[in-house]
Amino acid sequence: GAGFLTIIKAMIKVLFCIDDRLDPNAPPHALTDPSIICWTDEHLRMVAIALLSMALFFPSASLTTLFRYDDEDDRSIVCHLGGCVLGGEDIRWIHMWRRAEYMVKGVWVFSAYKFSSYSNYKQVNPGIIFLLTGSALITWLNFFMHPCNLSYFGRWKFLIHSCNTWTTVTCLMVISSKSRDLTYHNGILVSGWVFIIGSQLIYEGWKFKTD
């Protein structure tokens with residue numbers, strides 16, 4: 001979630017350096033602190049702490065949902081007069097989903113910082129490829145694995161990742177287009193969001209009437 005991204009961004013950001021824009025002849029400095037010269041003893045200490053923190057945080061964050069029922073567990077969907085209640089089968093593989101999602105988001109953050117200084121706007125920024133691939137992968141996993149035992153929330157999580165995928169697609173469209181009209185490209189972006197969200201609302205209305 002947002003908390004994971006915030007923490008992992010703070011850790012990964014320490015690993016990267018950036019050139020001094022005011023003085024091209026100056027040595028690169030840490031992305032987190034312009035006063036720290038890259039790969040000096042002070043920066044190396046920060047990198048060591050960040051790597052150690054990631055080694056501890058990432059497994060613990062992705063293992064918080066590490067549980068599953070036995071293969072012979074028959075608690076899947078129990079139906080009674082009041083309706084159906086989801087049992088154990090629907091959350092059996094949630095830890096695998098969580099691990100895959102966090103790994104993809106980790107690659108997102110790393111690639112974003114890695115290619116943040118990419119200044120050629122007429123060619124595809126490699127970071128966009130990582131974002132698009134990761135977004136599409138998470139969207140597909142969400143659709144295929146159904147990690148949330150509440151189908152309503154699962155569908156809206158799928159909606160969010162679909163919008164994220166569309167956003168990265170529009171980035172590629174901007175690069176391939178000769179037009180640099182911001183209003184035009186924002187119109188395409190927002191139109192896609194409206195279509196995705198509208199489709200979801202129509203589907204939810206249909207589900208509400210038929211269930």
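Rule-based calculations on the coordinates, nothing more; no lab input. From a predicted model like this one, the values you see are computed outputs, not experimental measurements. Counting neighbours? That spans all protein chains shown, and the Cβs are built from the backbone with ideal geometry, glycine included.
A compact table of results
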{"item": "From phi via Karplus (6.51, -1.76, 1.60), per-residue ³J(HN,Hα) for segment 18-35 in Hz, x at Gly/Pro", "result": "9, 6, 7, 6, 7, 9, x, 8, 6, x, x, 10, 5, 5, 7, 8, x, 7"}
{"item": "Amide hydrogen neighbours beyond the local backbone of Cys38, cut-off 5 Å, H modeled", "result": "His29, Ala30"}
{"item": "Trypsin sites (Lys or Arg not before Pro) within segment 160-211, DSSP loop, no more than 12 other Cβ atoms inside 10 Å", "result": "Lys178, Arg180"}
{"item": "Given Lys9/Lys157; Lys157/Lys207; Lys114/Lys157, the pairs whose alpha carbons are separated by over 26 Å", "result": "Lys114/Lys157"}
{"item": "From phi via Karplus (6.51, -1.76, 1.60), per-residue ³J(HN,Hα) for segment 47-61 in Hz, x at Gly/Pro", "result": "5, 4, 5, 5, 5, 5, 5, 5, 4, 8, 6, 4, x, 5, 5"}
